[in-house]
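Beneath this line is the structure, given in structure tokens, with notes to follow.
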Amino acid sequence: MIRVVCPGSFDPVTNGHMDIITRAARLHDEVIVAVLRNVAKSSLFTADERVGMLREVTKDYANVRVAKFDGLIVDFCRAHDVSAIVKGLRAVSDFDYEMQMAQMNYAQAGVETLFMTTNPLYAFLSSSLVKEFASYGGDVASLVPEPVLRRLTERLARD
């Protein structure tokens, strides 16, 4: 069985994230979407809320499960018998950083990293951009799954 992990903050999950998760699920036996719980970073949604949103939007994928993690992704990989990390690349600038991380993860733990180029429709998309645009009243309905849009709209209306 080939088990891979798609790690990230997913604050919030975007259609770009879903594109990578969906494509990884078609190629591998099992995909674990690992939500980073980073106490040093302020997030719009808690880790539990992000896990809940991801579970909702991936519920139709029998081979996808969602989990939380903190610390090093390679430790998560060891603990869950994961053979590779799947990362989406939007631009060359992503590659520079992700290649360094991939080499570190391999050097430290022998964990492979598989890069997938993002669908050009989502090459500009990031969670940060979605949050900023939505906070000013911009329409992000085409950028995030519907359940995420609902929660994002509710959260921003409260703040």
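The values are calculated or read from the model by the stated rules, or taken from the named source; none is laboratory data. Quantities reported herein were computed from a predicted structural model and do not represent experimental measurements. Here the Cβ is made from the backbone with ideal geometry for all residues, glycine too, and neighbour counts use every protein chain on show.
Would you mind telling me which numbered condition in (1) under 30 Å from residue 151 (Cβ atoms); (2) loosely packed, with under 14 Cβ neighbours inside 10 Å residue 57 fails?
The single condition residue 57 does not satisfy is (2).
State which residue pairs qualify: first residue more than 25 Å from residue 72 (Cβ to Cβ) and inside segment 109-120, second residue of a type in the set (D, E, K, R) and modelled with pLDDT of 95 or more in any location, beta carbons under 6 Å apart, and separation of 6 or more residues or different chains.
If the second residue must be of a type in the set (D, E, K, R) and modelled with pLDDT of 95 or more, the pairs left are 119/19.
Would you mention how many residues in segment 39-54 are surrounded by 11 or more Cβ atoms within 10 Å (Cβ to Cβ), free of Cβ contacts under 8 Å to residues at least 60 places away in the same chain and more than 14 Å from residue 8 (Cα to Cα)?
Final tally of qualifying residues: 1.
For the condition modelled with pLDDT of 95 or more, in contact with a Gly (Cβ under 8 Å, 6 or more places away or on another chain) and within 19 Å of residue 128 (Cβ to Cβ), what is the one hit in 16, 8? Quick ask: steps written out before the conclusion?
Working: 8 fails: in contact with a Gly (Cβ under 8 Å, 6 or more places away or on another chain).
Result of the check over 16, 8: 16.
Find all pairs meeting these conditions: Cβ atoms under 7 angstrom apart; at least six residues apart or on different chains; first residue within segment 57-77 and over 17 Å from residue 20 (Cβ atoms); second residue among the charged types (D, E, K, R) and in a loop (DSSP other than H, G, I, E, B).
If the second residue must be among the charged types (D, E, K, R) and in a loop (DSSP other than H, G, I, E, B), the pairs left are 68/37; 69/37; 70/37.
Among the residues of segment 102-124, are any in a helix (DSSP H, G or I), surrounded by fewer than 18 Cβ atoms within 10 Å (Cβ to Cβ) and of a type in the set (Val, Ile, Thr)? Can you show your working first?
Residues of segment 102-124 in a helix (DSSP H, G or I): 102-109, 120-122.
So of that shortlist, the ones also surrounded by fewer than 18 Cβ atoms within 10 Å (Cβ to Cβ) come out as 103-104, 106-109, 120-121.
When the remaining residues are screened for being of a type in the set (Val, Ile, Thr), the result is none.
For segment 102-124, residues in a helix (DSSP H, G or I), surrounded by fewer than 18 Cβ atoms within 10 Å (Cβ to Cβ) and of a type in the set (Val, Ile, Thr): absent.
Taking into account only those residues within segment 14-32 that are hydrophobic (A, V, I, L, M, F, W, C) and either farther than 18 Å from residue 57 by Cβ or touching a Lys or Arg at 6+ places or on another chain (Cβ under 7 Å) (or both), which is surrounded by the fewest Cβ atoms within 10 Å (Cβ to Cβ)?
Residues of segment 14-32 that are hydrophobic (A, V, I, L, M, F, W, C), as a first pass: 18, 20-21, 24-25, 27, 31-32.
Next, from what is left, pick out any that are either farther than 18 Å from residue 57 by Cβ or touching a Lys or Arg at 6+ places or on another chain (Cβ under 7 Å) (or both): 27, 32.
On the way: 27: 12, 32: 22.
Filtering segment 14-32 for residues that are hydrophobic (A, V, I, L, M, F, W, C) and either farther than 18 Å from residue 57 by Cβ or touching a Lys or Arg at 6+ places or on another chain (Cβ under 7 Å) (or both), the one surrounded by the fewest Cβ atoms within 10 Å (Cβ to Cβ) comes out as 27.
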